[in-house]
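The values are calculated or read from the model by the stated rules, or taken from the named source; none is laboratory data. These numbers come from a predicted model, not from an experiment. Cβ placement follows ideal geometry from the backbone for every residue including glycine, while neighbour counts extend to all protein chains displayed.
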Amino acid sequence: MASSPHPLALRIGRRRFVLQRDPTKCGVVYRRTVARAARMSTEKDALGQPPARRFEVPGFAMTMLDLDATPAMTRLGPLGAEDAIRDRPEVATTTPVFVWGDKRVVLSPQISVGFDPSRIDAAGIAAVTGLRLVRTGPDYVILALEDTANLLSVVQEISALPGVNYAEPDLVTIGRHIRPPASAARSFSAEPGPQAAFVNVFAPQAWQAAGSVAGVRIAVLDDGVDIQHPALAGAVVASFDAVNGSEQPIEPNGWDYHGTACAGVMTGLSKQPDFRGIAGGAKLLAVRIAQSPAQGQPWASSNSILRSGIDWAVANGADVLSNSWGCPPSTIVSDGVRAARENGRGGKGVVMVFAAGNSGGPVEFPATLEGTIAVGAVNLADEPKTFASSDGENWWASSTGPELTIAAPGVRVKTTDITGDIGRSPTDWRDDFNGTSAACPIVAGAAALVLSVAPGLTADEVTRALTGAADKVGSGGYDASGRNDFLGWGRLNVASALDRVRAGSRLVGRVTPLLLSNDIRLWFISAGAGESGLFVLEKDDADRLAQLSSAGTDVTIAYDTRVDSPVGSLLQGARLLTGSSLGSSVIGGSTSAPGGGDPPPDEVHLPRPGEDVFSTHAAGAGEAVAAVPRSTPPPLPQKVANPIPSRRSKR
């Protein structure tokens, strides 16, 4: 690809997303015969000195270089320095590096193509294009080019082929998990009883009310899971390495401990020390969708790898997917999420839980997709997690926005660490897991508990159970429907969610009488977030309801079934519970922007953060990452406008 200062525009559905170029970096695609030592020598000769930082993208003959402060950059500028690299005989081509939130994005020499199976198949697309097949799915194919020189023009040509629904670059995302400073590293204190994060969401009460979770499968899509950890070994029923397409048991890199931490939060069980995950006893599907090439370096994944991991988890019976990751907007990923929501669990839909992000900026894709549960974070004092919240972790803040669904604790969460002489802490445990990465598996585990009580619920019904039972913590600022952009519908309350499910379907809201005759009254209830219904009651209940209605009091209506009709939803078997018996919570939580449907066809520019996400020095496992600018967030609004090898012992 020729050097260009232009941004990269991605069109997903009706929205156009723009990724701005990072002028201080470039991606270098080497010829596959060039050894690593020769690559480093090439960079030194072309730039006048070795780059201060370089990141070798796992799985691709590609390196991301920092051009800043090199003689070539000073003398020729960023585009000239990139030209100097590209002109070397060892280099196939160069590619720009783009910014997406707190991550970097590069073009890989691959293209994702979605197609209509009734009109064309994977082999037909390969034959027409003359490109090599890398991976195939039910309605998509991944094609490889020799390099990225003409990638975008090839994408346009393939998009025009008969039977092709879309073609897009298979973007590689490079990111870094947030880490507490090394001085904050702790190794897990084994006090008896549940940890504070679980107490805050009423997990102990939920455990008493839950059914058996042994039949519920949770998939964790991350950088791998230590399936030999004593607290996890009994939970893992299958594993998949989407990075290389292998179903053989995988062992994550010793420094890739993020997935093991997420798995412990959900399904860990241990007597020594006393530890229980939020859904301890549930079954675990361990899916690796990312990896880091060395200690201290960031993780990398591609859109096609992410889709492959989602597809495998759904095909292997996942009821819930826990996703503590984000990527640039992508049709192949959004199609995978949609297919899981529509077709998984025999048509009831897989519960798709995503971390909202840790930049303090907008909610990250794919948590922005309709039908997902976007999880934000609170601290252990039930404050929205900001750069200035009282927990002292001023290097990260929970992402916010109208897509946010619910919040859960994301500070000082106790969980599992990789066993042996590796991992985050000196033991096989840690008590400093943080971020929306930690909050996400808490909510995923809560969804599993809901399904343990009511396995027949659809994914939407699970979401409504969680959002309708959420506690309105924080200093206020919930809109008329019951949500805000900092906490969604509130902080998770697992016990209340199970109470709602066990009690049957309920709506909470204001009612309006519709007089049909002297003896028959039809009632209309509006519960917010698009939830409403028509119902009739026995006379005594109807008289009580008339009094509550005239007083403008919220009421709780339980019902057996909902039937759609030309005049609206009819609630059959309706009965009046106590007025405001569930507080001001709303069971009609929505995971999309108010109004539903597709977002308007606009253009989205995210601000460029101040953090650099990659480096080559062998940083310690507890190295702090430079924070994005720590401006104090605005106060909560009063109204939201838009309603496996053997292990070694630790040292």
Legend entry - Identity of the residue in the stretch 138-172, acidic (Asp, Glu) and within 27 Å of the chain's Cα centre (by Cα), that ends up surrounded by the most Cβ atoms within 10 Å (Cβ to Cβ): 170
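Here's the yes/no breakdown for (1) among the polar types (S, T, N, Q); (2) touching a strand residue (DSSP E or B) at 6+ places or on another chain (Cβ under 8 Å); (3) crowded, with 24+ Cβ neighbours inside 10 Å:
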site	(1), (2), (3)
300	no, yes, yes
307	no, yes, yes
341	no, yes, no
351	no, yes, yes
377	no, yes, yes
385	no, yes, yes
388	no, no, no
Inset, instruction - Would you please name the residue that is nearest to residue 283 (Cα to Cα), looking only at residues in the stretch 310-333 that are assigned to a helix (DSSP H, G or I) and more than 13 Å from the chain's Cα centre (by Cα)? - result: 313
Legend entry - Those residues of the stretch 451-485 which are of a type in the set (A, V, I, L, M, F, W, C), within 16 Å of residue 406 (Cβ to Cβ) and part of a loop (DSSP other than H, G, I, E, B), in sequence order: 469, 470, 473
Inset, instruction - Please indicate, with yes or no, whether at least one residue in the stretch 480-489 is in contact with a Lys or Arg (Cβ under 8 Å, 6 or more places away or on another chain), farther than 17 Å from residue 205 by Cα, surrounded by fewer than 24 Cβ atoms within 10 Å (Cβ to Cβ) and of a type in the set (S, T, N, Q). - result: no
Inset, instruction - Answer yes or no as to whether residue 79 is in contact with a Ser or Thr (Cβ under 6 Å, 6 or more places away or on another chain), assigned to a strand (DSSP E or B) and closer than 16 Å to residue 7 by Cα. - result: no
Inset, instruction - Looking only at the stretch 420-433, decide whether some residue is over 20 Å from the mean Cα position of the chain (by Cα), small (Gly, Ala, Ser) and crowded, with 24+ Cβ neighbours inside 10 Å. - result: yes
Legend entry - Residue selected from the stretch 505-550 under the condition of a type in the set (S, T, N, Q) and modelled with pLDDT of 80 or more, by the criterion farthest from residue 483 (Cα to Cα): 547
Legend entry - Test for residue 455: is it surrounded by fewer than 24 Cβ atoms within 10 Å (Cβ to Cβ), in the same structural domain as residue 354 (by TED's automatic domain parsing) and more than 24 Å from residue 230 (Cα to Cα): yes
Legend entry - Enumeration of residues in the stretch 551-572 that are modelled with pLDDT under 70 and assigned to a loop (DSSP other than H, G, I, E, B): 560
